[in-house]
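First up is the structure itself, then whatever we jot down about it.
The values are calculated or read from the model by the stated rules, or taken from the named source; none is laboratory data. Remember, it's a predicted structure, so these values are computed and weren't measured experimentally. Cβ placement follows ideal geometry from the backbone for every residue including glycine, while neighbour counts extend to all protein chains displayed.
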Amino acid sequence: MAITLIGQLIGLDPSLRDTPPDMPVPPLWLAVGMGLLTTWVAFLIIVGVLRWWMRRGGRWDGQGDLFNLVAASWLVADALGAGLSALGVAPLFTFPLWLYSVWVGANALSGAIPKASLGYSIGGIVIGLIPAMLAAMVVFAVLGIVLAMLGVGPLPPPGAGPAGMG
């Protein structure tokens, strides 16, 4: 539920619907759906990378629920950051919350896995963020292609008549 909440809040971010004039404008339901999809894809990739990363060098024996640990550790900071973004707060002001989220997640990992230091845990999260961001870009690129194929285009300027005639 935590990841779904964060995904919904990310989908409500007004900047996801701000597009250049020649690009399709996604409807709100689609933006929320894409926020959910990309958040879940990114989360699962990060958890998968962390499973591999934490097992390196015998730091973690694979026992325990890494999925729930990561989800719980990111809930508050990520929900707050995504909620502020949904309210239109500039990314410059929410960026410290996202950094704090990484730090909280790394602290949870290093606390639950005694052989994993804070720095090693931060490294695992950062390494997981790289393929997660790439996957999110692919999802949004596919969305743009699908919208273009469906003919969802930019809205005509206010006051324009049929077919853009004034």
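A residue that is more than 25 Å from ALA141 (Cβ to Cβ), at pLDDT 85 or above and surrounded by fewer than 19 Cβ atoms within 10 Å (Cβ to Cβ) cannot be found anywhere in segment 27-37. Scanning segment 98-113 for residues that are under 16 Å from the mean Cα position of the chain (by Cα) and either of a type in the set (Ser, Thr, Tyr) or at pLDDT 90 or above (or both) yields LEU99, TYR100, SER101, VAL102, GLY105.
Among the residues that make up segment 52-60, is at least one of them touching a helix residue (DSSP H, G or I) at 6+ places or on another chain (Cβ under 8 Å), part of a helix (DSSP H, G or I) and at negative phi? Yes, the conditions are met somewhere in segment 52-60.
Within the set ALA116, ALA71, the sole residue that is modelled with pLDDT of 90 or more, outside any helix (DSSP H, G or I) and closer than 21 Å to TRP52 by Cβ turns out to be ALA116. The residues of segment 57-107 that are surrounded by 14 or more Cβ atoms within 10 Å (Cβ to Cβ) and of a type in the set (D, E, K, R), listed by number, are ARG59, ASP78. Test ARG59 against the criterion of being basic (Lys, Arg) and either in contact (Cβ under 8 Å) with a residue 40 or more places away in the chain or under 22 Å from THR4 (Cβ atoms) (or both), and give yes or no. Yes: the conditions hold for ARG59.
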